[in-house]
Amino acid sequence: MTAGSWRLWGEQQRLIQSQLMKLIPAFEGYYAGNTLEQCSVCSKPIMERILRATGKAYHPHCFTCVMCHRSLDGIPFTVDAGGLIHCIEDFHK
């Protein structure tokens, strides 16, 4: 290869790389939305820790009492006849 063809090759390589970099965010969004579990409350993909309760997956900050909206991550809870999640204190009110 001549110096000119190497320069052309480098320019083509940079162009391809810049086009690929534009595709990565779109691919990551597609991948996350189609392969990760979705939160039962907000329907967004769960990217980090999954809290599992009542047979469903939640973001820890989305798993809350329906009455006081306090996070129930690591806190005892119960479910009423309608399937709604309550902290123990609110359930007994």
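The values are calculated or read from the model by the stated rules, or taken from the named source; none is laboratory data. On a predicted model such as this, the values are computed, not experimentally measured, just so you know. All Cβ positions, glycine included, derive from the backbone under ideal geometry; neighbour counts span all protein chains shown.
Can you run down the residue pairs with Cβ atoms below 7 Å, 6 or more apart or on separate chains, where the first is in the stretch 39-68 and in the same structural domain as G82 (by TED's automatic domain parsing) and the partner is in a loop (DSSP other than H, G, I, E, B) and loosely packed, with under 12 Cβ neighbours inside 10 Å?
P60/R49
Of the conditions (1) part of a strand (DSSP E or B); (2) free of Cβ contacts under 8 Å to residues at least 12 places away in the same chain, G74 clears all except one; give me its number.
(1)
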